[in-house]
Structure formats: structure tokens, C-alpha cells
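**Q** Got a structure for you, questions after.
What follows draws every value from the coordinates through simple rules; no lab data is involved. Note that the structure is predicted; figures quoted are calculated from it, not measured. No Cβ is skipped: glycine too gets one built from the backbone with ideal geometry, and neighbour counts run over all protein chains shown.
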Amino acid sequence: MKIEGQIVDIIGREIFPGSVEFEGDTIIAINRHETVSQQYIMPGFVDAHNHIESSMLPPYEYARTALRHGTIATISDPHEIANVCGKEGMRFMLDEADISPIKECFAVPSCVPAASLCSSGATFDASTVAELLEDPRTYALAEMMNFPGVVNQDAECIAKIEAAHRLGKPVDGHAPSLTGEPLKKYVAAGITTDHEVNNLEEAEEKIALGMKILIREGSTAHNFNALHPLINRHKDMLMFCTDDLKAADMLDGHINKLLRKCMYIGYDLFDVLQIATLNPVRHYHIPMGLLRPGDPADFIICNDLKNFSPTATYVEGVRVDDLPFRPVPQLLNNFHAEPISVSDIADDKKGKEVFDVIQVIDGDLYTPHIKLSKENMGQTQKIVVVNRYESHAHIGIGYIKGFDIHNGALAQSIAHDSHHIIATGSSDELIVKAVNELIRMKGGIVVVSPDRTSSLALPIAGLMSNSPIEEVATAQLQLNTHLHMQHCPLQSPIVALSFMQLIVIPELKITDQGLFDVVQFKYI
């Protein structure tokens, strides 16, 4: 088969009229012509770090959507489902990816749970990680979130890193705000990337030590505006990623959205395409074609080099941009919580004058630790975490500022990375109402107000739907609208709440055991 157009040669950094000739799944020739049509043929894009589960879609449905936007490969960390269902969850993702047309290359979760002080549905010790790294469908050790463990030479952390090094697989990082000598120790352990950078000074320090920076644009974390000046200085040390991108935000774009922003600003086309394709393919050894004879016939066709909206996407010689929906035939879950009562989340404020409070910043995963007097606590709302893996377990109770839900509550079983039930709201009664509806559903998202309940069931591990993206996106938007009707000011409150348990991102978080000071790395 032969397709003609303007060939965008990223390695040679030129555009020329020609054709791509392929037989079966392999390119046999790249031909030059005098004149051809003005459509552009180029390699597809790579999402260098994501969590498929965060879209609330299973791997095939995620792939079906990403392919429409020209993403042909992903480096995916399934630590969400691994925290819920352990090795069974990891293998579910690998098996589902085997029948997905996109090249979903998985990284082995390094921190299940995220830190030893968390409880979750499973634990991956060094021997489990080493076993999973042996699977040829895994391409890296996923983000090493336990940076204190690495810096302090924790034996389990180091054993996991060494297992990846023995197999020649790169190790991804996760070290927000880590600088100076601790950062040098972290990098010296053999950690090669970081996607948690949100300012140029931090990025420059990490690049100087040899780390590659992943410029992230997700549903909550938006780092492009802060980091894009790196493109002119360090194009060889950059990649693009989405990290956590919900279904509703996938409908209008994926990695191609970052390329559009780059071209609008005026960056060099080939620098941008190198970051979106060549750099991650080489770093992770992704088996993705780059428009060379002998490569897999992986490419996209676009009408222009500004919007990057594909008219066609090919993977191994097969057009894959208009695939039908395919439901997951067998579901899995791990959910044992029992209904709670108002008395279970009551707290005693007597004798307490100052409270530790989580401060939410819209569009940022960083949550400052603030202290408020009893007189100023009217600005806050209660936040609770209910253990989903045990019945009648300890409930974490704290206070949070920034959600400001009026006469309503939000509860969900998406809470990185342990995915216990997390909820916040304007009253104990409404919080309990939302939590118990969620328990009845055995996972999902619930928004309640006195006269209305909105919900999205997530029957796959309490993380993913088994419906088409259009239905999931509609439900996500309806939940968001319900929250905004209750005056919640956050752009993506569901995504924001999902990070309040993640005790590896400063400063103050909450788990089923209570408030956790990330800076001191201890419960308070």
C-alpha cells in the first residue's frame, strides 16, 4: 500500500513531497516525488507518562480515543489499579492492552502503596516488582514516589531500582520540590525523569544533573505555561505527558494539544515534534515507527502543521482512528466497606483553638499546610477518608479549605494512590449520604445536595467505567455542573479531591489514618 503526501522527517528535520510504502505492518520504502497532495504524513505522538485509570476508561477505550488525536504510544503506569487489585490488576491492564491498537507500553509501579505509611489493597515488594519487570510488555520502573526512601537508601527502594537497571529498563522519578544534596542522591540512584516539576529553576537544576523533564498538561496539573521556555534550551531533555487526564478532557485533544500550544507560541516545528515523538521512543525503547524503511507502519496524516488534528491514524499498517466501542468482558474489584453513620465522622473540637487545615490551590497538586483559629474555621469543610478494603475500619477526619461546597457533598473511590473512599461537604449528614451511596455502588463518584443525587458508577476496580467515552464524559460534566451549582469554585473538583490522599506531594494530606505532614513525613 502507498500513501502520498508531504513527508515530515523528524530525524532528518525536513519536509519533502513523497510517499510511504508499506506491506503488512512494515514500511518498505519512503519515496521522494516532485509533487504530491498537501496532506502531511508524520510519526504519531507519545504520551511519556500517564495513568490510564485516571481517565475512568479501560485501556481499549482509552486507546480508541487517544488514537483519534494522533497518540500512537503511551508509557502507562497502572499503579492506581495495582493499589486496588495488586498483580491481578496489573495483569488485567496488560491483557487489555494486548488487544488495544495503541502501543500501550507499561511501567511497573514502584510504590504500591505510595509510601509505607499508607494502607492499600495490595503491596508490591522488591521481589514482586522484579517479577513484573521481567514481563516483556513492561518498559520501565514507574515513578519512584518514595523519594525520602531513595535519598535515605531504603533497602526496598534501592532493590526495586536495581532490578530495573539489571534489565536495562529506565527508572522514572517523582520528586516535587526536591533540590540540593537530596536531589543529587536521588538522581545518583539512577532515576532519569521527573514529571512533577512546576518551575524553571527546579527544571534547570534537575536537567543539569541529567534528568529529563516531562512537561505535563493534565486535568489538574498544568505545567506547560511554566516550563515551555525549556524548549529552546533543552529540546533533547524534554518529553510531553498528560499524567492524569479525565475522559471529558480527552474529547478535544491529547498530546496534540501541547503541540498546538507550542506552534501558537512560535517554537521550531522539528524541536516540538522531537519532544513529542523521538525523545520518548529513544528513552523508553518504544517499538514505534518513525517513518523509516523497516519501521512499523505507524504514522498519522494531518491537513496542517498547526492544529495537529489527524484525518487518519495508522498503527502497524492498519487504520485505527475510527474503531467501535468494545466493553470489558470481565470486571474486577476489591471493595469491602460497610455503610457509615454521622456518629462515625463526628469530631470533638473542645479545648482546641488552632487547627491544621489542607489548603487547595486550583490547578495545582501542591496543598499548603495552614493553621486556622477556631474563629476562622467557618471557611473550611470536613474531609473524611473511609477504608474501602476493610469493614468498620478507622476513618481519617480532617478539614480542608477551597472546596466551599454549599449545601452538598462529594464522595468518590478515586483517591490516589490507595483509592480509599474520600469525601468532603458542607455537613456530616450530606457527607454520610454521599459515602453510603458510593458504598452501595461499590465504587464511583457521587455528588449529593438535599434534593438531588448525581453519580457515575465505576465497576472496574472502583476506578474505571465500562461505558463509551461519550457517556463517561457526559457523566463527568454533569457531576462537575452539580458541584458548581453548589458554588464549588474549583475548575475540576473531582480531580482535585482525588489527590488529597497522596502523601508524596507536599505539604498536608489525609489518609484513612488521619492528617499527614508530607514535609515532616509523619502523621500529625
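**Q** Can you give me the Cα centroid spacing of the stretch 8-45 and the stretch 95-124 in angstrom?
**A** 36
**Q** Then there is this: Express the relative contact order of the stretch 352-523 as a whole percentage, based on alpha carbon pairs under 8 Å and six or more residues apart in sequence.
**A** Value for the stretch 352-523: 24 percent.
**Q** How high is the relative contact order of the chain, given as a whole-number percent (alpha carbon pairs under 8 Å, six or more residues apart)? Don't skip to the answer; put the middle values down first.
**A** Details: 1278 pairs, mean separation 82.4, N = 524.
Answer for the chain is 16 percent.
**Q** Now for a different question. Roughly speaking, what is the stretch gain from Ser341 to Gln153, that is 0.36 nm per residue apart minus the C-alpha to C-alpha distance, in nm to one decimal? Mind dumping the intermediate values first?
**A** Details: separation 188, 0.36 × 188 = 67.68 nm, distance 4.33 nm.
Extra length from Ser341 to Gln153 when fully extended: 63.4 nm.
**Q** To continue, here is another question. Where both residues lie in the stretch 44-289, what percent of DSSP beta bridges are antiparallel, nearest 5? Write down the numbers at each step before the final one.
**A** Numbers: 1 of 23 bridges.
Looking only at bridges with both residues in the stretch 44-289, the antiparallel portion is about 5 percent.
**Q** Applying a 10 Å radius around every beta-carbon, put 433-439, 409-415, 154-160 in order of their mean neighbour count, most first.
**A** 409-415, 433-439, 154-160
**Q** For the chain, what number results from the quotient of the Cα radius of gyration and 2.2 N^0.38 Å?
**A** That works out to 0.97 for the chain.
**Q** Write out the trypsin sites (Lys or Arg not before Pro) in the stretch 304-404 meeting two conditions: DSSP loop, and at most 16 other Cβ atoms within 10 Å of their Cβ.
**A** Lys306, Lys349, Lys350, Lys352
**Q** What residues of the stretch 37-62 lie in the reach of a label at Met1, counting those whose backbone N is under 20 Å from a point 7 Å from the Cα along Cα→Cβ?
**A** 37-45
**Q** If you take the alpha carbon radius of gyration of the stretch 432-517 and divide it by 2.2 N^0.38 Å, what ratio comes out, to two decimals?
**A** Details: Rg = 14.0 Å, N = 86, 2.2 N^0.38 = 12.0 Å.
Expressed relative to 2.2 N^0.38 Å, the Cα Rg reads 1.17.
**Q** With the crude spin-label approximation of a point 7 Å out along Cα→Cβ, what separation in nm comes out for Asn407 versus Leu167?
**A** For Asn407 paired with Leu167, the spin-label model returns 5.5 nm.
**Q** If you average the sequence gap of Cα pairs under 8 Å that are 6 or more apart and divide by the length of the stretch 179-325, what percent do you get for the contact order?
**A** Contact order relative to length: 15 percent.
**Q** What is the spin-label model distance, in nm, from Val354 to Val318 if the labels are put 7 Å beyond Cα along the C-beta direction?
**A** Each label point lies 7 Å from its Cα, and together they span 6.3 nm.
**Q** Something else now. Please go through the stretch 22-101 and write out the GluC sites (Glu not before Pro) that DSSP classes as loop and that have at most 11 other C-beta atoms within 10 Å.
**A** The qualifying sites are Glu34.
**Q** Return the FRET efficiency for the residue pair Asn199, Leu251: r is the Cβ-Cβ distance, R0 is 41 Å, and the value is rounded to the nearest 0.05.
**A** 0.85
**Q** Measuring from centroid to centroid over Cα atoms, what is the spacing of the stretch 278-351 and the stretch 387-408 in Å?
**A** Taking the Cα centre of each part, the stretch 278-351 and the stretch 387-408 sit 29 Å apart.
**Q** Write out the GluC sites (Glu not before Pro) in the stretch 330-396 meeting two conditions: DSSP loop, and at most 13 other Cβ atoms within 10 Å of their Cβ.
**A** Passing both the DSSP loop test and the Cβ count: Glu353.
**Q** Further, regarding this structure: Determine one quarter of the surface area of the Cα convex hull of the stretch 44-289, which equals its mean projected area, and express it in nm² to one decimal.
**A** Hull-based average projected area comes out at 11.9 nm².
**Q** Restricting things to alpha carbons, find the Rg to Rh ratio for the stretch 368-474 using the Kirkwood radius for Rh.
**A** Reported Rg/Rh (Cα atoms, Kirkwood Rh): 1.00.
**Q** If you average 1/r over every pair of different alpha-carbon atoms in the stretch 183-243 and take one over that average, what Kirkwood value in Å do you get?
**A** Numbers: mean 1/r = 0.0864 Å⁻¹.
That comes to 11.6 Å for the stretch 183-243.
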